[in-house]
Amino acid sequence: MNFPAYRALARCVVLESLRRKDLWVVAILGFVILLASSTLGFFGFKGLEIFAKDMAVTVLGMFSTIIAILTSCRLVPDEVKNRTLYPLLARPITRLDLLVGKLIGAVVVTWISFLMLAALTALALTIFHVKFELIMVQYLLAKMLGLVVVCGFSMAFSVYMTPSASATVAFLVAFGAPMVTRGLVLAAAGNPSLTPICKIINTVLPQTSLFDLGGRAVYLGWGLVPVWVMGFLFAYGLCYSGAMLFVSWLKFRRQAV
Amino acid sequence: MSSAIEVKDLYVQYKTKKGEKLDAVKGLTFDVKQGEIVGFLGPNGAGKSSTLKALMGFVEAKSGEATIFGETAGTPDARKRIGYLPEVAMYYPFLTPMETLTMYGELQGMRGKLLRNEIEDLLEVVGIAHAKNKLNRSMSKGMLQRVGIAQSLLGNPELLVLDEVTSGLDPVGRKELRNILKKRQEQGTTLFFSSHELAEVDMLCDRILLIHKGKFVEERDMHELKATLRNFYVTYRGDASMLGLTDAWNENPDGTKTARFEAKDGLVSAITRLQEKGGQILDVVSQEGSLEDYFIDTVEAAA
């Protein structure tokens, strides 16, 4: 574990992202959300609270996933393309250190974007007296863990494919995996002989829907998710991202640059 | 003197996009002693950058052995002792030189005030202290090359591996760089660099290694090579027959003759002969030979 190296690499990713004004896109999106909410407010908000909250978590989930994919997919390919990789690899760090540092940077950028969007959305909804319960905090935490998984597989794809191909596949996996997972469960229930194959595919696919507590957060009256569930989500997120990091390293460790 | 770099029978192979195998380095063997400045020469595509990349661990050698101060080349332990300047200096466009060097320093294991002070000193040495807080994207190619030189010197490495070191620098920058490198050598740093700039090689190197098409061609001590390349010219009035040992002679428009000698011995005996036979010596000139001619001739002979 080379923590000083991880910190240096992650800081570089965050600084580059801030200065490249990537986060401005997030700010503009937030502004659009505020504007849309004020329009709803103009027509009267009564009875629309749940709809507004549902919209908010959907938009939050979607945009934060897009940001996670776009940030992570270009980390390694950009280093190779811009030839900034050489002075990095000339330092006494391993290629795994490099991947870990870059992934941490991508996660931090994604989290900042997500929290900015969440804050702006919450502000917009609070203006119209929409109530939040404590489960909203759990929703945010679970979503942030889910974003680590998205960053992990997006970076892994980018090591094996071109940046555009990896972004496309990452989008398909991020948004399509929950549907596929549900389909596989139904398929296995209908035909038990398919169960082993379905289980294997389900193990390989990222279970991003596990991290989505949006449904509970939208409707009032849901209790808090037990701590052990949050602990499981944390462990799953850590294991899956670790596995993706390992997959990235398998290719990158001997890749000629 | 122990070796800073030792390369034995090194082979580097690339796979093209079509899946064909391309041998970039074929059985290269050489060593660089500690404290030496060694120039690594060869025409385009000779395998210089591939060799340097193998030394840094950017590409894996197909076979052979390369060590840096006894450590296997490419390992973090070996890289800890190397400062490396890549052929094309590209640095994060949205970082400043200060932030860029801070990151590299931290990756090198340095931190705090010590790192900050060293960065300030290095930026001063390479002449971009005034631009330390400007974004890299707003800098010229020459200034970026200076950032690159500064990052290669971070942590006071024992070995500097420099790929096309003077690329992008103006004559003033080149002179400053030569001074920096000479100073580092005086402090005990070993320098191994590739270059197309034969004038730089001439002014900096103790020794040169010449490769062509991935194979070793020859190594020469620079002082010996320069002595070999030196020519002596005698301009005299008299008959051509007065000089038995002449390698070549030219008749000048004013009727005088100029003879060329490759060795000092030949010159001395020619002068003696001229004096004995009543010839009038008008001028004696010693001229440095061209490294470029040597380079072209040697490469052509190796092709």
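Go through the stretch B:63-76 and give me each residue that's within 14 Å of chain A (Cβ to nearest Cβ), farther than 18 Å from B:LEU191 by Cβ and modelled with pLDDT of 90 or more.
The first filter runs over the stretch B:63-76 and keeps only residues within 14 Å of chain A (Cβ to nearest Cβ), leaving B:68-69, B:71-76.
When the remaining residues are screened for being farther than 18 Å from B:LEU191 by Cβ, the result is B:71-72, B:74-76.
Result: B:GLU71, B:THR72, B:THR75, B:PRO76.
Just to be sure I understand, how many residues within the stretch A:1-18 are out of contact with any helix residue (DSSP H, G or I) (no Cβ under 9 Å at 6 or more places or on another chain) and under 14 Å from A:THR71 (Cβ atoms)? Explain how you work it out, then say what you get.
Applying the first criterion (out of contact with any helix residue (DSSP H, G or I) (no Cβ under 9 Å at 6 or more places or on another chain)) to the stretch A:1-18 yields A:3.
Next, only the ones that are under 14 Å from A:THR71 (Cβ atoms) stay: none.
Residues in the stretch A:1-18 being out of contact with any helix residue (DSSP H, G or I) (no Cβ under 9 Å at 6 or more places or on another chain) and under 14 Å from A:THR71 (Cβ atoms): 0 in total.
Kindly indicate whether any position in the stretch B:129-137 is touching an Asp or Glu at 6+ places or on another chain (Cβ under 6 Å), assigned to a loop (DSSP other than H, G, I, E, B) and within 13 Å of chain A (Cβ to nearest Cβ). Full working, then the answer.
Step one: list which residues in the stretch B:129-137 are touching an Asp or Glu at 6+ places or on another chain (Cβ under 6 Å), which gives none.
Checked the stretch B:129-137: no residue is touching an Asp or Glu at 6+ places or on another chain (Cβ under 6 Å), assigned to a loop (DSSP other than H, G, I, E, B) and within 13 Å of chain A (Cβ to nearest Cβ).
Given the conditions (1) in contact with a strand residue (DSSP E or B) (Cβ under 8 Å, 6 or more places away or on another chain); (2) outside any helix (DSSP H, G or I), and given that B:VAL201 satisfies all but one, which numbered condition is not satisfied?
With respect to (1) in contact with a strand residue (DSSP E or B) (Cβ under 8 Å, 6 or more places away or on another chain); (2) outside any helix (DSSP H, G or I), B:VAL201 is out only on (2).
Answer with yes or no whether A:ARG253 is under 17 Å from A:GLY152 (Cα atoms) and either in contact with a strand residue (DSSP E or B) (Cβ under 8 Å, 6 or more places away or on another chain) or of a type in the set (Lys, Arg) (or both).
yes
Restricting to the stretch A:234-257, give me the number of residues that are away from chain B (no Cβ under 14 Å) and over 16 Å from A:CYS151 (Cβ atoms).
Residues of the stretch A:234-257 away from chain B (no Cβ under 14 Å): A:234-250.
With over 16 Å from A:CYS151 (Cβ atoms) added as a condition, the list becomes A:235, A:250.
Final tally of qualifying residues: 2.
When you check A:PHE128 against the structure, is it modelled with pLDDT of 90 or more and either in contact with a Pro (Cβ under 6 Å, 6 or more places away or on another chain) or more than 14 Å from chain B (Cβ to nearest Cβ) (or both), yes or no?
no
Which of the residues belonging to the stretch A:1-24 are more than 12 Å from B:GLY109 (Cα to Cα), at the interface with chain B (Cβ under 7 Å from one of its Cβ atoms) and aliphatic (A, V, I, L, M)?
Within the stretch A:1-24, A:LEU15 is the sole residue that qualifies.
Looking at the structure I just gave you, is B:GLU60 within 9 Å of another protein chain (Cβ to nearest Cβ), in contact (Cβ under 8 Å) with a residue 60 or more places away in the chain and surrounded by fewer than 21 Cβ atoms within 10 Å (Cβ to Cβ)? Outline the logic, then answer.
On the way: within 9 Å of another protein chain (Cβ to nearest Cβ): yes; in contact (Cβ under 8 Å) with a residue 60 or more places away in the chain: no; surrounded by fewer than 21 Cβ atoms within 10 Å (Cβ to Cβ): yes.
Taking the combined requirement at face value, the residue does not satisfy it.
When the residues of the stretch B:1-54 are narrowed to those that are aliphatic (A, V, I, L, M) and surrounded by fewer than 18 Cβ atoms within 10 Å (Cβ to Cβ), which ends up modelled with the highest pLDDT?
Initially, the stretch B:1-54 is screened for residues aliphatic (A, V, I, L, M), giving B:1, B:4-5, B:7, B:10, B:12, B:22, B:24-25, B:28, B:32, B:37-38, B:41, B:46, B:52, B:54.
Retained after the next criterion (residues that are surrounded by fewer than 18 Cβ atoms within 10 Å (Cβ to Cβ)): B:1, B:22.
Working: B:MET1: 68, B:LEU22: 87.
The residue in question is B:LEU22.
Only one of A:LEU186, A:LEU224 is assigned to a helix (DSSP H, G or I), more than 18 Å from the chain's Cα centre (by Cα) and aliphatic (A, V, I, L, M); which?
Values: A:LEU224 fails: assigned to a helix (DSSP H, G or I).
Criteria check complete, one pass: A:LEU186.
Considering only the stretch A:48-154, give the helices (runs of 4 or more DSSP H) lying wholly within it that have at least 1 residues that are among the β-branched types (Val, Ile, Thr) and either buried (at least 19 other Cβ atoms within 10 Å of the Cβ) or in contact (Cβ under 8 Å) with a residue 24 or more places away in the chain (or both). Spell out the reasoning first.
Details: elements: A:49-73, A:75-81, A:85-89, A:95-127.
Correct list: A:49-73, A:75-81, A:95-127.
Just to verify a result, which residue in the stretch B:89-128, among those that are surrounded by fewer than 17 Cβ atoms within 10 Å (Cβ to Cβ) and closer than 22 Å to B:ASP77 by Cβ, is farthest from the other protein chains (Cβ to nearest Cβ)?
B:LEU114
Check the stretch B:204-226 and report whether any residue there is out of contact with any Lys or Arg (no Cβ under 8 Å at 6 or more places or on another chain) and of a type in the set (Val, Ile, Thr). Quick ask: steps written out before the conclusion?
Residues of the stretch B:204-226 that are out of contact with any Lys or Arg (no Cβ under 8 Å at 6 or more places or on another chain), as a first pass: B:205-206, B:209, B:212, B:216-218, B:223-226.
Keeping just the survivors that are of a type in the set (Val, Ile, Thr) gives B:217.
Yes.
Regarding B:VAL165, is this residue part of a strand (DSSP E or B), buried (at least 19 other Cβ atoms within 10 Å of the Cβ), in contact with a strand residue (DSSP E or B) (Cβ under 8 Å, 6 or more places away or on another chain) and of a type in the set (Val, Ile, Thr)? Spell out how you get there, then give the answer.
Values: part of a strand (DSSP E or B): no; buried (at least 19 other Cβ atoms within 10 Å of the Cβ): yes; in contact with a strand residue (DSSP E or B) (Cβ under 8 Å, 6 or more places away or on another chain): yes; of a type in the set (Val, Ile, Thr): yes.
When the stated conditions are applied, B:VAL165 does not pass them.
Just one of the numbered conditions (1) closer than 17 Å to B:TYR92 by Cα; (2) out of contact with any strand residue (DSSP E or B) (no Cβ under 6 Å at 6 or more places or on another chain); (3) not basic (Lys, Arg) is not true of A:GLY61; which one?
(1)
The values are calculated or read from the model by the stated rules, or taken from the named source; none is laboratory data. Here the structure is a predicted model, which is why all the values come from computation and not from measurement. All Cβ positions, glycine included, derive from the backbone under ideal geometry; neighbour counts span all protein chains shown.
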